[in-house]
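Accompanying notes for the structure given below.
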Amino acid sequence: MTPSCHPASSHGTAQQHPRTSAASEDWWRSAVVYQVYIRSFADGNGDGIGDIAGLQDRLPYLVELGVDALWLNPWYPSPMADGGYDVSDYRAIDPMFGTLEEAESMMKEAHGLGLKVFLDIVPNHTSDQHHWFREALAAGPGSTARDRYVFRAGRGSGGSLPPNNWRSGFGGPAWVRVTEPDGTPGQWYLHLFAPEQPDLNWDNAEVRREFEAVLRFWFDMGVDGIRIDVAHGLVKEEGLPDLGHSDIERIGMAADGGHPHWDREGVHAIFRGWRAIANSYDEPRVFVAEAWMGAPDRLARYVRPDELHTAFNFDYLTAPWRADRLREAIDNNLKAFGAVGAPTTWVLSNHDVARHVSRYGRPQPDEPVRALSDFLKDKPFDLELGTRRARAAALLTLALPGGAYIYQGEELGLWEIEDLPEELLQDPTWKRSGGTDRGRDGCRVPIPWSGDCPPFGYSPPAVTTEPWLPQPTEWKKLTVQAQSGDEKSVLELYRKALHLRRAHPALGDGTMTWDSTAQEEVLSFTREPGFRCVVNLSEHQIALPDHTEVILSSAPVHGRRLQSDTAIWLTR
Ligand code: GLC
Ligand code: CA
């Protein structure tokens with residue numbers, strides 16, 4: 001640490017002022033949920049890894065920010081082959097994050113502060129270190145232990161080829177051949193993700209019962225909601241047929257229900273059962289589906305009245321910063337979700353995609369973007385432009401009808417770290433792609449809280465253990481402490497927007513109407529009573545429509561003109 005460093009803490013206390021609807025049963029229809037990537041949020045014990053103690057200490061920050069709930073990425077015991085999405089015990093906490101007692105205490109405090117808590121459940125696969133999988137390996141072909149997973153004989157002479165041509169989401173084939181207990185080369189097991197994440201067999205009744213019990217375990221502890229990881233992947237087509245050419249091309253997406261392992265009809269019965277469990281509580285629990293779909297009406301089928309409550313709107317997340325594309329994503333999703341009576345949840349970033357400052361700060365393609373390697377390769381990055389657009393995007397997002405998700409650090413204007421040292425990269429994508437795709441670590445770098453140099457208050461003062469991923473020194477300007485009270489900061493923009501959103505009767509759940517007179521590269525809409533949002537995505541300034549008051553703008557407004565890449569909230 002250099003002498004110029006003054007790590008200091010800046011988290012105070014704050015009071016939650018719940019909007020009336022937050023107390024009602026359908027609070028989730030308009031909730032703003034803050035995603036806590038726990039490993040990178042705040043490190044309470046000084047080992048360089050975020051944990052429950054660190055999170056509990058910072059809960060007042062979330063209250064002050066003005067969110068309604070937090071969603072925690074998996075905190076279960078895990079060998080961390082895929083950042084905790086390889087779970088070895090669904091009813092415990094990884095010691096790296098803390099204990100069950102700490103988890104309960106954190107949740108109690110969150111509830112006391114008026115915050116709801118969502119966990120993340122991973123039902124498509126377990127860790128290869130889960131006792132079920134170890135049992136399956138030991139028990140051999142044809143055993144009940146193997147039937148909990150997807151084991152098959154190989155093809156070709158001696159079964160030396162994978163059972164089919166399915167691909168792992170992280171690159172390479174989706175099958176691994178095991179050595180049988182007698183030492184001979186044996187069956188293959190399916191892993192749609194890393195080899196350390198064997199897929200479960202959802203045709204197996206014990207698998208179904210187990211996950212229902214796991215849901216009850218956490219709901220009984222007071223968890224308010226659950227995010228369902230890879231909700232569209234659980235059920236596989238009987239016979240596990242090969243993928244057709246077009247399926248291989250668009251891995252991860254499904255458009256029509258005809259894909260052999262994504263979006264199979266059978267998943268819906270599972271979720272109807274889960275909904276009944278959630279409804280059995282006095283304060284009904286809620287679900288959000290993570291399901292990457294090819295079409296909004298397919299996604300809307302997951303949020304029919306007797307199924308899940310909400311689903312992430314990834315069409316909006318992946319849309320380039322272009323009025324036509326955003327408008328299309330907004331319209332299509334509102335229409336599809338409206339048809340089944342579900343609210344839409346708007347999301348700009350998460351732990352799987354490049355931070356949107358870095359996506360928007362480049363010349364925009366026509367195509368959807370998740371990673372910078374998608375259509376943005378070698379395109380120059382303009383931080384100022386990306387930040388300006390991200391500020392405008394925040395006001396757009398929080399003005400749209402429904403709920404919203406904020407990924408930790410987006411409220412600070414953090415950008416993607418594109419030059420992490422290769423030897424530190426942990427995302428399995430890096431190795432599985434043969435070092436061609438850097439994966440998702442660049443959006444998972446620990447949060448800067450205070451002080452002048454790393455770890456920026458992320459770890460307790462005087463700790464010398466470095467954060468598990470290094471923070472850039474430039475983040476000095478983006479710490480919570482540096483931005484607090486600075487009217488121009490991204491953090492203060494989010495704080496204002498969130499507090500206004502909570503108080504304004506037109507915002508949250510409801511409807512919107514596009515202004516028919518707005519020019520092509522402008523998104524302009526009204527909501528009742530008396531609210532208008534205008535976002536200028538053109539390269540030119542535009543005239544502001546008539547209004548009685550400016551509520552908030554993402555950049556200074558002079559003389560009734562709205563500059564390029566600026567959003568404004570108006571009272572009509
Ligand atoms: C989801 C998670 C991602 C994980 C994958 C496999 O997409 O968000 O982080 O790698 O599922 O569990
Ligand atoms: Ca720690």
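The values are calculated or read from the model by the stated rules, or taken from the named source; none is laboratory data. Since this is a predicted model, take the numbers as computed values, not measurements. Positions of Cβ are generated from backbone atoms using ideal geometry, with glycine treated the same way; all protein chains shown enter the neighbour counts.
Go through L493, L420, L424 for me and flag whichever is away from ligand 2 (no atom under 16 Å from the Cβ) and closer than 21 Å to S553 by Cα.
L493
Among what's in segment 411-460 and is in a helix (DSSP H, G or I) and more than 16 Å from ligand 1 (Cβ to nearest atom), pick the residue that is surrounded by the fewest Cβ atoms within 10 Å (Cβ to Cβ).
Top of the filtered list is E423.
Any chance segment 227-247 includes a residue that's surrounded by 15 or more Cβ atoms within 10 Å (Cβ to Cβ), over 20 Å from the mean Cα position of the chain (by Cα), charged (D, E, K, R) and modelled with pLDDT under 95?
yes
Among the numbered criteria (1) out of contact with any strand residue (DSSP E or B) (no Cβ under 7 Å at 6 or more places or on another chain); (2) touching a residue at least 24 places away in the same chain (Cβ under 8 Å); (3) part of a loop (DSSP other than H, G, I, E, B); (4) surrounded by fewer than 17 Cβ atoms within 10 Å (Cβ to Cβ), which single criterion is violated by D128?
Of (1) out of contact with any strand residue (DSSP E or B) (no Cβ under 7 Å at 6 or more places or on another chain); (2) touching a residue at least 24 places away in the same chain (Cβ under 8 Å); (3) part of a loop (DSSP other than H, G, I, E, B); (4) surrounded by fewer than 17 Cβ atoms within 10 Å (Cβ to Cβ), only one is false for D128: (4).
Looking at segment 308-366, which of the residues that are among the hydroxyl-bearing types (S, T, Y) and in contact with a strand residue (DSSP E or B) (Cβ under 6 Å, 6 or more places away or on another chain) is nearest to ligand 1 (Cβ to nearest atom)?
S349
From G142, G158, which residue is in a loop (DSSP other than H, G, I, E, B) and either of a type in the set (D, E, K, R) or on the phi > 0 side of the Ramachandran plot (or both)?
The unique qualifying residue is G142.
Name the pairs: first residue in segment 168-181 and touching a residue at least 24 places away in the same chain (Cβ under 8 Å), second residue surrounded by fewer than 15 Cβ atoms within 10 Å (Cβ to Cβ), Cβ to Cβ under 7 Å, at least 6 apart or on different chains?
P181/A138
Show me the helices (runs of 4 or more DSSP H) found entirely inside segment 268-373 where at least 2 residues are in contact with a Pro (Cβ under 7 Å, 6 or more places away or on another chain) and within 20 Å of H232 (Cβ to Cβ).
314-318, 323-339
Residue-wise test of (1) in contact with a Phe, Trp or Tyr (Cβ under 7 Å, 6 or more places away or on another chain); (2) part of a helix (DSSP H, G or I).
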{"position": "P74", "(1), (2)": "yes, no"}
{"position": "P77", "(1), (2)": "no, no"}
{"position": "D82", "(1), (2)": "yes, no"}
{"position": "D86", "(1), (2)": "no, no"}
{"position": "Y90", "(1), (2)": "yes, no"}
{"position": "F97", "(1), (2)": "yes, no"}
{"position": "S105", "(1), (2)": "no, yes"}
